[in-house]
Amino acid sequence: MSKEIIFTEDELDCLSEIINISYGVSTAVISDMLNSFATLKVPEIKIISSNLLKPHLFNIVDTNEEQFVVTQHLIGDISGENLFLINKTSAINISREFEKNTDDTYTDDIIFDILLEVINILSSMALRELSKSLNLAVSVEPPSIEKINSITNFGSYFIEEYQQIIVISSNLEFKDQKIEAIFMLLTKDESIKLIQNSIKNILDEL
């Protein structure tokens, strides 16, 4: 197993600011699409070992609620996967913003289509801004989605694929809706080292 990559407090603060700005840009696009003001706040960023991810999620996610998992593969200097975990209540709230059903019912198929569209916009634009800020290349593939009955059924394949994971807890808020979600950036150690080196360069220039 490779040596753990440890970020200093200043490096984490810098990464947090860059991520907030990056996702803020993509959220503004969503707001324009819906003509509804939205903000996305990133209250917490953690870099943890992959074998600690599932226990971490158990501490912050309702274990009894259905979850939607959107996966998007990343290619380039930042390579790996971008995962988006959202509970069913928040998924329905997003769907209400995008599609006003007269009977206020939302099937899984409707939710799937809306989440794929929203996450593709949020993730693609945010990662583009993130890569620009870090001066790193990254491109994204089209996302895929699945529903799991609870966080207990969240897969563990990433333990063998990745050593460390960047976990971004976020709140996407519309005027009348609150949406809680978790972004997980699963990257190889080489990518995390590149991210850390870019942040060091940014801090050195301050």
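If you line up the long axis of helix 9-34 against the longest principal axis of the chain, both from Cα atoms, how many degrees apart are they, to the nearest 10?
Helix 9-34 and the main axis of the chain meet at about 30 degrees.
So which chymotrypsin sites (Phe, Trp or Tyr not before Pro) in the stretch 141-206 pass both tests, a DSSP loop state and at most 14 other Cβ atoms within 10 Å of the Cβ?
Working: sites: PHE154, TYR157, PHE158, TYR162, PHE174, PHE183; in loops: PHE154, TYR157, TYR162.
Answer in residue order: TYR157.
Among the listed pairs LYS41/LYS147; LYS46/LYS193; LYS41/LYS193; LYS132/LYS178, which have their C-alpha atoms separated by more than 20 angstrom in this model?
With Cα atoms farther than 20 Å apart: LYS41/LYS147; LYS41/LYS193; LYS132/LYS178.
Taking just the alpha-carbon atoms of the chain, what radius of gyration and Dmax come out, in angstrom?
16.7, 56
Could you tell me the distance between the Cα centroids of the stretch 155-190 and the stretch 51-116, to the nearest Å?
Here the two parts' Cα centres lie 10 Å apart.
In degrees from 0 to 90, rounded to the nearest 10, what is the angle of the helix 88-98 Cα long axis to the longest principal axis of the chain?
Approximately 70 degrees, to the nearest ten.
Restrict the search to the stretch 46-127; then list the trypsin sites (Lys or Arg not before Pro) that DSSP places in a loop and that have at most 16 other Cβ atoms within 10 Å of their Cβ.
Those satisfying the criteria are LYS100.
Can you compute 3J(HN,Hα) from phi for each residue in the stretch 185-193, using the Karplus curve 6.51 cos²θ - 1.76 cosθ + 1.60 with θ = phi - 60°, rounded to whole Hz and x for Gly and Pro?
Working through the residues one at a time gives 9, 9, 10, 5, 4, 4, 5, 5, 5 Hz.
For the stretch 70-76, what does the Karplus curve 6.51 cos²θ - 1.76 cosθ + 1.60, with θ = phi - 60°, yield as ³J(HN,Hα) per residue in whole Hz, taken in order and with x for Gly and Pro?
9, 10, 9, 7, 10, 10, x
Quick query: amide H of GLN163 versus all other amide H atoms, modeled in the peptide plane; which residues come in under 5 Å with a sequence gap of 5 or more or a different chain?
For GLN163, the qualifying residues are ASP189.
Can you list residues from other chains, or at least 5 along the same chain, whose modelled amide H is less than 5 Å from the amide H of GLU66?
Under 5 Å from the amide H of GLU66 lie the amide H atoms of LYS88, each far enough along the sequence or on another chain.
Rule-based calculations on the coordinates, nothing more; no lab input. No experiment lies behind these values; they were computed from the predicted model shown. Heads up, the Cβs are rebuilt from the backbone with ideal geometry, glycines too, and the neighbour counts pull from every protein chain shown.
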